[in-house]
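Enquirer: Just dropping this structure here.
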């Protein structure tokens with residue numbers, strides 16, 4: 001029994017030595033400080049500023065009115081009255097409209113044909129063509145939303161005129177068979193930043209930690225090459241204690257950053273933030289732990305400090321896609337779903353959005369929460385195998401040289 005307590009005490013001392021040494025290495029490495037702190041603190045603000053204002057208003061459009069009737073002028077007034085569109089100018093032909101388009105004075109062109117009023121008068125379907133610039137999808141979405149509202153309103157007005165002409169009771173003809181109301185849960189403003197930023201901040205936490213961890217691991221390899229296979233900054237202890245000491249160092253550094261990223265940033269920019277932060281804090285902990293072990297596991301593929309940026313930055317877009325934030329996971333084939341399941345941020349994004357934007361409780365995220373703990377265990381074993389393999393290989397090379 002005494003020996004067991006002695007081993008536990010010795011292991012705890014070694015764990016703290018590794019933890020303290022890793023702290024020293026982090027704060028004496030400008031590149032790691034850049035990834036751990038500056039990237040984590042700056043990227044959420046940069047991304048949110050880019051996506052604000054979330055809703056575009058009064059986007060200038062040009063109108064080519066070949067009909068020149070009261071009906072076409074009414075359509076132009078309705079377009080101008082929408083929140084998202086503003087009639088910049090009514091021009092004589094498409095050539096003038098294209099000139100305004102090329103000068104970036106307008107981002108859309110409404111072409112009203114000559115027979116617009118005649119078709120409406122004969123009770124036929126009239127078609128007005130709208131051309132949208134596609135350089136920014138937010139503008140395209142705003143155009144489509146406004147045009148849909150104008151189409152419904154214009155259709156109701158035309159139907160009202162027909163009813164008045166034939167003398168039917170308007171309240172019976174215009175009554176909708178099914179009334180519908182929309183309750184926008186999680187993103188009430190329908191803004192792009194409110195939609196994408198809760199997931200982006202979780203991915204930033206993962207990618208910034210992976211960048212820093214792999215850069216630290218590359219630094220170890222560089223020191224070994226300079227010192228004949230020996231790292232003077234390392235703590236001589238077992239591989240399991242080594243990986244746990246490093247992981248606890250990284251998680252300790254990131255837990256305060258989570259307060260800023262997950263709590264303060266949504267408050268600063270009025271993003272959806274209705275969940276209990278204490279529960280979100282408990283949820284994100286296994287993701288940080290899994291990421292810390294993942295970084296140590298993939299460090300075997302990083303031999304130079306600069307190569308860590310190529311490996312991790314390249315995967316950021318892939319991981320964003322696999323998280324289901326930009327494309328639903330149920331629409332992916334099984335191969336990409338399995339790849340996404342192996343990424344901690346996939347489950348972190350899923351659970352955090354449900355808690356942060358929809359007010360879900362921790363117990364309701366049992367599946368992503370369990371998956372994060374499973375990934376933490378799997379990557380812990382992988383990091384242990386990599387550390388043990390690397391240490392055995394290093395000792396073998398040193399013995400051969402001796």
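Enquirer: Does residue 126 satisfy the criteria of being surrounded by fewer than 18 Cβ atoms within 10 Å (Cβ to Cβ) and out of contact with any strand residue (DSSP E or B) (no Cβ under 6 Å at 6 or more places or on another chain)?
Expert: It is false that residue 126 is surrounded by fewer than 18 Cβ atoms within 10 Å (Cβ to Cβ) and out of contact with any strand residue (DSSP E or B) (no Cβ under 6 Å at 6 or more places or on another chain).
Enquirer: Where in the stretch 227-338 are the helices (runs of 4 or more DSSP H), entirely inside, with at least 3 residues that are more than 23 Å from residue 12 (Cα to Cα), assigned by TED's automatic domain parsing to the domain that holds residue 14 and more than 19 Å from the chain's Cα centre (by Cα)? Give the derivation first.
Expert: Working: elements: 239-258, 265-268, 277-298, 307-322.
Counting at least 3 such residues, we get 277-298, 307-322.
Enquirer: Kindly indicate which of 248, 257, 267 is touching a residue at least 60 places away in the same chain (Cβ under 8 Å), surrounded by fewer than 20 Cβ atoms within 10 Å (Cβ to Cβ) and under 30 Å from residue 357 (Cβ atoms).
Expert: 257
Enquirer: Can you work out which of the residues in the stretch 58-87 that are in a loop (DSSP other than H, G, I, E, B) and free of Cβ contacts under 8 Å to residues at least 40 places away in the same chain is surrounded by the fewest Cβ atoms within 10 Å (Cβ to Cβ)?
Expert: 68
The values are calculated or read from the model by the stated rules, or taken from the named source; none is laboratory data. The model shown is predicted, which means the values in this text are computed figures rather than measured ones. We place every Cβ from the backbone using ideal geometry, glycine too, and count neighbours over all the protein chains shown.
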